[in-house]
Amino acid sequence: MKELFPMKQVNGFIFSLLLTVIALSVYFLDMSFSVAMTILLVTAFIQAGVQLILFMHAGESEDKSSIYTTTFYAISIALFTVFGSLLAMIWGYMF
Amino acid sequence: MKLKWAFLSLVFTMAIVLTGCEPLLVLNPQGPQAETQANVIWISIATMSVILIIVLAILITVLIKYRASKQSDDYEPPHIKSNPIVEGIIIGFPVLIIIFLGIVSVSSTYKVETTPEGYEDQEPLIIYASSSNWKWHFSYPEEDIETVNYVFIPEDRPIEFKLYSYGPITSFWIPQLAGQKYAMADMVTTLHLAAENPGEYMGRNANFSGEGFAENKFDVTALTQKEFDEWVEDIHQTAEPITEDEFNELLKPGHLGKLTFTGTHLDFSPAPEGEHAGHNHGDASEQEDHSEHSNH
Amino acid sequence: MEFFERFAIYHPSPLIYASMVAIGLVSIAIVVGITYFKKWGYLWNEWLTTVDHKKIGIMYIISALLMLFRGGADAIMMRLQTAVPDNSFLDAQHYNEVFTTHGVVMIMFMAMPFIIGLMNFIVPLQIGARDVAFPRLNAISFWLFFFGAMLFNVSFVIGGSPDAGWTNYYPLASNEFSPSVGVNYYNWALQISGIGTLMTGINFIATILKMRAPGMKLMKMPMFTWASLLTNVIIVFAFPVLTIALLMGTFDRQFGTNFFTSMNGGMDMMWANLFWIWGHPEVYILILPAFGIYSEIISTFSERNLYGYKSMVWSMVLISLFSFTVWLHHFFTMGQNAFTNSIFSITTIAIAIPTGIKIFNWLLTMWKGKIRFTVPMLYSIAFIPLFTIGGATGVMLGIASADYQYHNTMFLVAHFHNVIIPGVVFAVLAGFTYWWPKMFGFMLNEKIGKWAFWFLTIGFCLAFFPMYVTGLDGQARRMYTYSEATGFGPLNMLSFFGAGLMAIAFALIVYNVYYSFRHSPRNVGDDPWNARSLEWATHNPVPEYNFAVTPEVKSSQAFWDQKKHGHKLFDKEYEEIHMPNKSGVPFIMGVLFSIFGFSFIFAIWIGVILSAIGIFACMIHRTFEQVHGFHISVKEIKETEEKFGGADK
Amino acid sequence: MKIDHSQPLEYSTEQNRLNILGFWIFLGAEIMLFATLFTSYFVYEDRIGSGPSGADIFEITPVLIETIILLTSSFTIGLAVHAMRINRTKAMTVFLGITLLLGAAFLATEIYEFNHYYHVGATLQTSGFTGILLTTLGTHGAHVTLGLFWGTMILMQIKKRGLTPQIANKSFIFSLYWHFLDVVWIFIFSFIYLKGMM
């Protein structure tokens, strides 16, 4: 039975629950917008990293450089799209 | 081959002669904003011509010198490895040009987005220009008059056109006075300009807006301040006031001639700005009450 | 009766009825012809069910050529209508439909499939692979594109064409201002073919990353393969944006949501934003492979190695990243502040840097070369100055303040045709001529080809250079007519004349195919152009298995190495070759998708549900299916190779 | 088909390795798909027209339940892949089954949540904000639904044929898909719900 529950996976699971609890603090505690957003950004991206590396085994195969490059490309373009659009559609009209 | 080149050059001379008669609208500016833009256009044409000439010169040299028909049969072109100096030049040259044009772009963009240079001390005349299918309505809140499909402006005074639309996105354009700006249904955009000489100018909607788009034009007339004041006075004496019913009638799709009214439609159909804006990115001051969104 | 009324054309005219009759007659003629010559079986077995990348590539190219004539007819109609002031050949509504379909057809159903077709045919050969990574998926991609294109063309006959421009800006494209089903067609035709394109992207990235011949490091790939890799990277990251934008548009038009409306929090600007986040990279999806094609051709016909290989690759990598950072320049005039416009202005003109580097590299490739003026090379040579002009006007448009004057004018129209025609159309025609012997085993006639080239080039200059002038003179784009007082008349007439010359050029190209098919000698050998890269190391036309033996590669000019430096490409014994099975499922899925789209367009929900069930059934069939492919035996390989006159091993 | 026995089953053939890389590239496209939805969500977030805002309609309880269910299912599908690698077919099917059950529970909660939105007057048509909220959640939900069908198909194939290299490959790819949906949910949880409620 024990070999079915490897430490790596169990720890990862506990860690992701922990991150969720930390993220939840922005709901239950009273804090400023920027602090809360920082907490959310940090926990969400760590959480994504945990899934990517620990659970999805992104780095285990011979194609790990292709996989990391693809993911990196996608994330950077995604971030540019999100913030570029906010600039184009909202912030660009504010000052 | 020679024939073809002769033909080509003939055609180009034709094109130049045909168009050379009178200056193109955009390159014949009558106000400071359009002049800035015309200057930027000339600068960029000049810069780009340099590049084009260099490319053409290299291309023609290469084509003449290294044609297979000019070389002996046993000539074997060498394998040439890239040279860091050459690479540096072909990278550095475009970089320099782009830096130069980048500076031109940024400075001129800031310039055309504010009150025209030299007019900062004057109070701008504010005119609301709204489009509907396929007409332009001009409201002068200060003078309390409204016109359709034509606009009179005083010369040598900064003008702020406040643009919005009753329908599809349109683009407000008076080539000889300033570049375009979009007019949209749920926000107001601002176009700054000034006319330096009295005269009549072409204005139109440049953004495709459906069936009647081609005829979606208006006339712009720049008058001296005195003539302008007389014109306003004249309207107040002769024109009928605009009513809500009449305005709604005007909004129906179609084309109208030039019309003149006293009063403005802004009283009963306010522009989508401030509390009437649909886009929540109107003014910075509005920031605190995000949740106040009204519709129109 | 009410049920059928919605299929009626919204805005009929004699021209449309005539075309309908023509379309009907041609379709009947095709069906009768195929039946008469008993070609249904051949068509099904050899083409409709194929998963061979070469045949799929050829089918892409044939479809693209058909669409070129559809879009070209639109173009001629537009130029005819505007040739003289106050013309009444088309009315406003028809003109609007014509330029809308011209744009969509040319970008989505002509340029892109032509590029993808060449990619399909050439990339696996250039990297020494047997096929693409997922042959079955490749067939699905093709059929989704094909049926998407067909669905779009159906709009002409049933229900009415889209009429809000190929950019389809809301609120003009909303139900209120565009009440016919035209925009629904736009949404679903693009959605379906877009999904196909996305899968092509995934397929080719996997192929290029994983299936290269031994020894072919990334930095030893031929330039066209590099260009294709980066193009597909752009496809994979750009097309999902279009998927969502079209979905939101569909919701707005068919389910009454408020995404792009002017009320209840809707935002018409958001469509423009999403459309161009996809739309600008789309331009680079077209141009990067073209750069690859020119690199191959210029290097071959100068008999020189490509100058500055590394800077060529890196400039393309930069372009692929930059292409996602510039979209706002399509709406500089939307009222953002000068700061925002400045940022996007700088990113926009910065793309000129890698592009400029490439131009100089091509020039330096010809330096000290031995230049042969073949048809593909003529296109490439004409490309350099013409594309420089197009790029230069692009930089001019990228300067935000000046863009306020060029925006939405004929200047812009001149610019993007100046980039796309010498950039993409010349490239695909050059590639088409260059790789033609690879596909069919004989050459296209050089003389007719050169005539076509001159007609096209001169026609292009006449058609589009006058537009720069009229644009600066205040002629807005998409105007179906103008008054004589504007003075646009003579130059527009010149444009029409140029368009006519271009039409003759395309007719000549078709005639060339016919003429060469009849008269060209078939013994051109395996290397008719004295080429350099790996695709020329196998036979013309290419046997089903591509390479009898997997090649071993040392550089990006593998074939040249073999010819000049005695490097042995094929140093192994024949082995049995494993090939994928063909399948009719991709074709059936294409049909089901088009039924799905058609039903959705007209809100016939029963059709939507049934076709969706059918699509899922196809997928379930696929997951339970056990296919092992088949093997080509050593004996068969030997026979084929001997037929070609022995492998050069 | 050459089978490389030095590698785990799901990587053991060339086609399998291709499939896995291909799926990663597909996930890259999925990142952009959801990034576009998030982009639109952030733009429309405050554009509520006359409808309710996020703070008005979000409820913490169902959201928390959904989050924990999905996190757990991501854990169990990880265990399934682990069991597959140590050749415990039975355990693998059990974990896969649990994952699918959790997925179904997630969907049920989401349906409850949508029902709640409907009743408080937040439908697809209400405003730009509710439209994009339901589209984003709906797209994720549709992915989960598709995943349930896909997982069921895989379960049936394991029952029928055992763990062949092909089926191991499919299971592994399914696990990538499922983990990815969890990642997307974390972003929905953080930047739609928590940001909207704080």
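How large a share of the accessible area of chain C, in percent, is made up of carbon and sulfur atoms when the probe is 1.4 Å and the other protein chains stay in place? Present the calculation step by step, with values, prior to reporting the outcome.
Working: 13990 of 20220 Å².
Carbon plus sulfur share of accessible area: 69 percent.
Using the heavy atoms of the protein chains and a 1.4 angstrom probe, tell me the accessible area per residue for the range B:95-138 in square angstrom. Walk me through the numbers before you get to the answer.
Values: 1810 Å² over 44 residues.
So the range B:95-138 comes to 41 Å² accessible per residue, rounded to a whole number.
With +1 on each Lys and Arg Cβ and -1 on each Asp and Glu Cβ, how big is the dipole of chain B about its Cα centre, in debye rounded to the nearest 20? Walk me through the intermediate numbers first.
On the way: 16 positive and 42 negative charges, 598 e Å.
So the magnitude is around 2880 debye.
With a 1.4 Å probe, what is the total accessible area buried between chains B and C, in Å² rounded to the nearest 100? Working shown, then result.
Values: alone 18060 and 26520 Å², together 36490 Å².
Its buried surface, counting both partners, is about 8100 Å².
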query = Full extension from residue C:73 to residue C:605: what is 0.36 nm times the residue separation minus their Cα-Cα distance, to one decimal in nm?
reply = 188.1 nm
key: Loop trypsin sites (Lys or Arg not before Pro), the range B:45-98 (other Cβ atoms within 10 Å of the site Cβ: 14 or fewer; DSSP)   = B:81
key: Kyte-Doolittle mean at least -1.0 and Cα axial length at least 30 Å: DSSP H helices in chain C   = C:14-36, C:53-82, C:182-210, C:223-255, C:268-302, C:375-398, C:446-472, C:489-519
inquiry  = Which lysines, if any, have their Cα less than 27 Å from the Cα of residue C:582, not counting same-chain residues under 8 positions apart?
reply    = C:38, C:39, C:54, C:55, C:210, C:438, C:635, C:638, C:643, D:2, D:160, D:170
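Using 1/(1 + (r/R0)^6) with R0 = 51 angstrom and r between the beta carbons of residue A:83 and residue D:112, what's the FRET efficiency to the nearest 0.05?
On the way: r = 34 Å, r/R0 = 0.67.
After rounding, the FRET efficiency stands at 0.90.
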key: Size descriptor, Kirkwood hydrodynamic radius, that averages inverse alpha-carbon separations across the protein assembly as shown, Å   = 32.3 Å
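Please report, in whole Å³, the volume per residue of the convex hull around the C-alpha atoms of chain A. The partial results should precede the final answer.
Numbers: hull volume 11.1 nm³, N = 95.
In chain A, the Cα convex hull volume per residue is 117 Å³.
When only C-alpha pairs under 8 Å and at least 6 residues apart count, what is the relative contact order of the range C:2-643, in percent?
Normalised by residue count, the contact order of the range C:2-643 is 17 percent.
What relative contact order, as a whole-number percentage, does chain A give when Cα pairs under 8 Å and 6 or more residues apart are counted? Don't skip to the end; give the middle numbers.
On the way: 27 pairs, mean separation 20.4, N = 95.
Worked out over chain A, it gives 21 percent.
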ask   = How much of the calculated P(r) for chain D lies past 21 Å, in percent of all Cα pairs?
value = 55 percent
query = Which value, in debye to the nearest 20, describes the size of the charge dipole of chain D about its Cα centre when Lys and Arg Cβ atoms bear +1, Asp and Glu Cβ atoms bear -1, and nothing else is charged?
reply = 980 debye
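Are there GluC sites (Glu not before Pro) in the range B:171-269 that DSSP puts in a loop and that have at most 10 other Cβ atoms within 10 Å, and which ones? Let's see the in-between values first.
Details: sites: B:196, B:200, B:211, B:215, B:227, B:230, B:233, B:244, B:246, B:249; in loops: B:196, B:211.
Answer in residue order: no site qualifies.
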task = Once you've got the GNM for chain B with C-alpha springs shorter than 10 Å, pick whichever of B:69, B:132, B:108 has the biggest mean-square fluctuation.
result = B:69
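How high is the FRET efficiency between residue B:71 and residue C:564 when r is their beta carbon distance and R₀ equals 25 Å, given to the nearest 0.05? Present the calculation step by step, with values, prior to reporting the outcome.
Values: r = 17 Å, r/R0 = 0.70.
Efficiency computed from Cβ-Cβ geometry: 0.90.
Ignore the peptide's own chain and count Cβ atoms of other chains within 10 Å of each Cβ in C:484-494; give me the average, rounded. Can you show the working numbers first?
Values: counts 0, 1, 2, 6, 0, 1, 5, 4, 0, 1, 4.
Taking the mean over all residues of the peptide, I get 2.
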request  = Beta carbons within 10 angstrom, averaged per residue: use that to sort the peptides B:133-146, C:441-454, A:60-73, highest first.
outcome  = B:133-146, C:441-454, A:60-73
remark   = Percent relative contact order for chain B, counting Cα pairs under 8 Å at least six residues apart, stands at 18 percent
message = With angles folded into 0 to 90 degrees, how steeply does helix A:64-89 sit against the dominant principal axis of chain A? Use alpha carbons for both and round to 10.
response = 20 degrees
key: Prolate/oblate/rounded call for the range A:1-40, Cα gyration tensor, a/c under 1.5 rounded   = prolate
inquiry  = Give me the inter-chain shielding for C:370-376: mean count of other chain Cβ atoms within 10 Å, whole number please.
reply    = 4
query = About the Cα centre of chain C, what is the dipole size in debye to 20, counting +1 per Lys and Arg Cβ and -1 per Asp and Glu Cβ, all else neutral?
reply = 1700 debye
remark   = With chain C reduced to its Cα atoms and the Debye formula applied, log10 I(q)/I(0) at q = 0.07, 0.09, 0.11 1/Å amounts to -0.45, -0.76, -1.17
query = For chain B, what is the mean residue ellipticity at 222 nm derived from helices alone (per DSSP H run of n ≥ 4: -39500 (n - 2.57); sum divided by total residues; nearest 500 deg cm²/dmol)?
reply = -12000 deg cm²/dmol
request  = Using just the helices of chain C, give the 222 nm mean residue ellipticity in deg cm²/dmol: DSSP H runs with n ≥ 4 each add -39,500 (n - 2.57), and the total is spread over all residues, rounded to 500.
outcome  = -22000 deg cm²/dmol
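When you count, for each residue, the other Cβ atoms within 10 Å and take the mean per peptide, how do D:67-75, C:407-415 rank with the highest first?
On the way: D:67-75: 22.7, C:407-415: 24.7.
Packing proxy ranking, top to bottom: C:407-415, D:67-75.
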task = Could you please state, rounded to a whole Å, how far the C-alpha centre of the range C:355-402 is from the C-alpha centre of the range C:462-485?
result = 26 Å
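Please compute, for peptide C:198-210, the average count of beta-carbon atoms on other protein chains lying within 10 Å of each residue's beta-carbon.
On the way: counts 4, 3, 0, 4, 9, 3, 1, 8, 12, 2, 0, 10, 8.
Average neighbour count from other chains, rounded to a whole number: 5.
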task = Could you give the DSSP H helices of chain B that reach 15 angstrom or more along their long axis (alpha carbon positions) and whose average Kyte-Doolittle hydropathy is no lower than 0.5?
result = B:2-20, B:32-65, B:84-112
key: Cα-based equivalent ellipsoid, the range B:57-107: semi-axes from gyration tensor eigenvalues, Å   = 36, 15, 5
task = Note the angle between two axes, namely the Cα long axis of helix D:165-188 and the longest principal axis of the Cα atoms of chain D, as a number of degrees from 0 to 90, rounded to the nearest 10.
result = 20 degrees
key: Paired Rg and Dmax values of the range B:125-289, which use every Cα atom, in angstrom   = 15.2, 45
ask   = Among A:37-47, C:562-572, C:148-158, what's the highest-first ranking by average C-beta atoms within 10 angstrom per residue?
value = C:148-158, A:37-47, C:562-572
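The values are calculated or read from the model by the stated rules, or taken from the named source; none is laboratory data. The model shown is predicted, which means the values in this text are computed figures rather than measured ones. No Cβ is skipped: glycine too gets one built from the backbone with ideal geometry, and neighbour counts run over all protein chains shown. Keep in mind that these areas ignore ligands, DNA and RNA; they rest on the heavy atoms of the full protein, side chains included. Shrake-Rupley method; radii C 1.70, N 1.55, O 1.52, S 1.80 Å.
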